[in-house]
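Worksheet: one structure, shown below.
Please treat every number below as a calculation from the coordinates, not as lab data. The structure displayed is predicted, hence computed values, not measured ones. No Cβ is skipped: glycine too gets one built from the backbone with ideal geometry, and neighbour counts run over all protein chains shown.
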Amino acid sequence: MLPTEDLFVHLYVLVDDAVADGTVAIPPRPGPVPACSDAEVLTIALARHVLGRRSEAGWLAEVRRDWAHLFPRLPAQSEFNRRTRWLWGAFEALRANLAARCPDDSWQQIDTSALPVRHPSRVRGPDGWTGPAGLAAGFGRDAAHAEWFYGFRLAARTDLGSRIVRGWGIVPAAVNEREVADDLLDGIRPPAGLLLDRGFSGRAFAARHTASGTAVVLAHSRAQRRQLSKAQRRPVAALRNRIETSYGEITDRLELARHGAHTFWGLLTRVAATLAAHTLLRLQLI
């Protein structure tokens, strides 16, 4: 990892070049040109996720205190938050462009992870946690922690070897994971193989993808693992660990499991920025 000042400089050059050559398109907005550029806002927000700073307010205060010589015209907290939400698509454009620099692995993996937005005991009826196309927060089961949650799920397709994210989406908390996998695979060249969790098991699903030339491998359940010998458990554990490692990097190490968003669009922005930061780290560009 680069020293913080070098990280800021490196990220700014990367983002500013992408904006200048049109790789990252900035949506137009009314009003005068802000003193703090969009490239600076993207750089500061991206650095927060790379460094794992959980608090937006705390991070902006740190930048204002320690790095004012790099960003002399920082906006107020509320304006910075609004502009970051406005630019959420820029994070995704940057991630997709960076990921395209590395060829896709022939084997990929797909999984979903809980994105809680409120404790289940505090849900009393309809709320403001709604997104586009009728997407709304709901109740779901978090198998990894054996508990119920209220919110959404992050679905992602990643390379099996490099663990670079190739496709993702925010989906309902209670969702058919096989349909999610179909959506993430739609329109792409079928991979040679897919490593999946038990939630994706289904004969029709496996047969459909096998017919297209994709081998479907399901990680063993806990009950199945108990029936194996120690020698047999080692390769099975390796498969299980690959799935858990990929999502651990995204949801735990990069603080997405405790996103702290207050609206769906805030959550969307944090996810997009987190996945862009994850791609930078996996490609060892910082």
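In table form, for the structure just shown:
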{"read-out": "Once the Cα gyration tensor of the stretch 56-149 is diagonalised, semi-axes √(5λ) in Å", "value": "31, 25, 15"}
{"read-out": "Beta bridges per DSSP with both ends in the chain, % antiparallel, nearest 5", "value": "75"}
{"read-out": "Choice from ILE250, ILE188, ILE170 with maximal GNM fluctuation in the chain (Cα, 10 Å cutoff)", "value": "ILE188"}
{"read-out": "Rg and Dmax of the stretch 4-86, Cα atoms only, in Å", "value": "12.4, 33"}
{"read-out": "Contour excess over end-to-end distance, with Cα ends at ALA57 and CYS102 and 0.36 nm allotted per residue", "value": "12.8 nm"}
{"read-out": "Radius ratio Rg over Rh of the stretch 113-227, counting only Cα atoms, Kirkwood formula for Rh", "value": "1.01"}
{"read-out": "Rounded FRET efficiency, nearest 0.05, which uses the C-beta distance separating THR130 from THR4 and R0 of 35 Å", "value": "0.40"}
{"read-out": "Using alpha carbons only: equivalent-ellipsoid semi-axes of the chain, gyration tensor based, whole Å", "value": "35, 22, 18"}
{"read-out": "Inter-label distance for ALA25 and VAL13, nm, one decimal - labels placed 7 Å from Cα along Cα-to-Cβ", "value": "2.8"}
{"read-out": "Loop-located trypsin sites (Lys or Arg not before Pro) in the stretch 55-85, at most 16 other Cβ atoms within 10 Å (DSSP)", "value": "ARG73"}
